[in-house]
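**Student:** What follows is a single structure, and I will ask about it in a moment.
Rule-based calculations on the coordinates, nothing more; no lab input. Worth saying up front: this structure is predicted, and the values here are computed from it rather than measured. Backbone-built Cβ (ideal geometry, glycine too); neighbour counts: all protein chains shown.
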Amino acid sequence: MLLSPQAERNWEGLCEVLEDVLEDQSHKQLFALEIGSGTGQHVIRFAQKLPFVTWQPSDIKEECRDSIKAYIAATHVKTVLQPVLLDASEPWDKWAGVSRNSCDVIIAINLLQYSSFKTAQGVFSGAGQILKPNGLLMTYGMYAVNGIITPSCNEVLDEELKKLNPEWGLPDLDVLRQQAYGNGLRLERMIEMEDYYKCLLFRKL
Ligand SMILES: C[S@@+](CC[C@H](N)C(=O)[O-])C[C@H]1O[C@@H](n2cnc3c(N)ncnc32)[C@H](O)[C@@H]1O
């Protein structure tokens, strides 16, 4: 089981956002896809707090999928499916058999700044296809706004990410908004979280 100290710190705030936005649907059984699940800590915590949601975790890396499997086994959660290999930069019809209009929720936590723009494009075009009407895409991370990154410590982070991989870095909020719009979603809410992180909630029209 991999352990991310950051996931241990931020899961509660993220879970509160999900509880808040999904509260009015808690009488229904919902289906949620997580893209770039990483260790699996988030999906397990969310499943424990939101029992009316069935969760499909996924990751591009085998070591992450193995970790998620280990968390499922250790916690005996019944509403988390076995993780699947899903590369969000691929067209949605290659997303491990996830079908059109099948998801109520898609979440991507700290994915967009650690992946290429092609991945961001894939997340939005995939969400446009696999979310049900009125479904929700939640992304969490740090963002540039109109090409500007503030405060300066976030500029440093952006530079460090680009040194690790020139395709990585803080995505621009307005570019993401355009991606969303082009795929039938709109930015509904932006929630300021701790340490300049933001939660973006996009609604499928
Ligand atoms: C910074 S980690 C975040 C993990 C987890 N969501 C968290 O917040 O703890 C980014 C994750 O995205 C995955 N990832 C990167 N590119 C991806 C892609 N194109 N499709 C799906 N997952 C991807 C990585 O393998 C990694 O697990």
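**Student:** Scan around residue 172 for amide H atoms under 5 Å from its own, H built in the peptide plane at 1.01 Å from N, and keep only partners 5 or more places away or cross-chain.
**Tutor:** 144
**Student:** Would you mind working out the magnitude of the charge dipole of the chain relative to its Cα centre, with +1 at each Lys and Arg C-beta and -1 at each Asp and Glu C-beta, to the nearest 20 Debye?
**Tutor:** On the way: 20 positive and 27 negative charges, 145 e Å.
So the dipole magnitude of the chain works out to roughly 700 debye.
**Student:** Could you order the peptides 30-36, 100-106, 118-124, 60-66 from most to least packed, using the average number of other C-beta atoms within 10 Å per residue?
**Tutor:** 30-36, 118-124, 100-106, 60-66
**Student:** Starting from 0.36 nm per residue, how many nanometres of slack lie between residue 62 and residue 93 once their C-alpha separation is accounted for?
**Tutor:** Result: 9.1 nm gained on full extension.
**Student:** Give me the number: length gained by fully extending residue 195 to residue 29, i.e. 0.36 nm times residue separation minus the C-alpha to C-alpha distance, one decimal in nm.
**Tutor:** 56.4 nm
**Student:** Within the chain, what percent of beta bridges assigned by DSSP are antiparallel, to the nearest 5?
**Tutor:** On the way: 14 of 32 bridges.
Percent antiparallel among DSSP bridges in the chain is about 45.
**Student:** Filter the cross-link list 162/204; 132/162; 61/94 down to pairs whose alpha-carbon distance in this structure exceeds 27 Å.
**Tutor:** Details: 162/204 31 Å; 132/162 35 Å; 61/94 16 Å.
Checking Cα-Cα distances, 162/204; 132/162 exceed 27 Å.
**Student:** Just from the alpha-carbon atoms, what are the Rg and Dmax of the chain in angstroms?
**Tutor:** Rg and Dmax of the chain, Cα atoms, are 15.9, 47 Å.
**Student:** For residue 81 and residue 134 in one chain, what is 0.36 nm times their gap in residues minus the Cα-Cα distance, to one decimal in nm?
**Tutor:** Stretched out fully, the residue 81 to residue 134 stretch lengthens by 16.8 nm.
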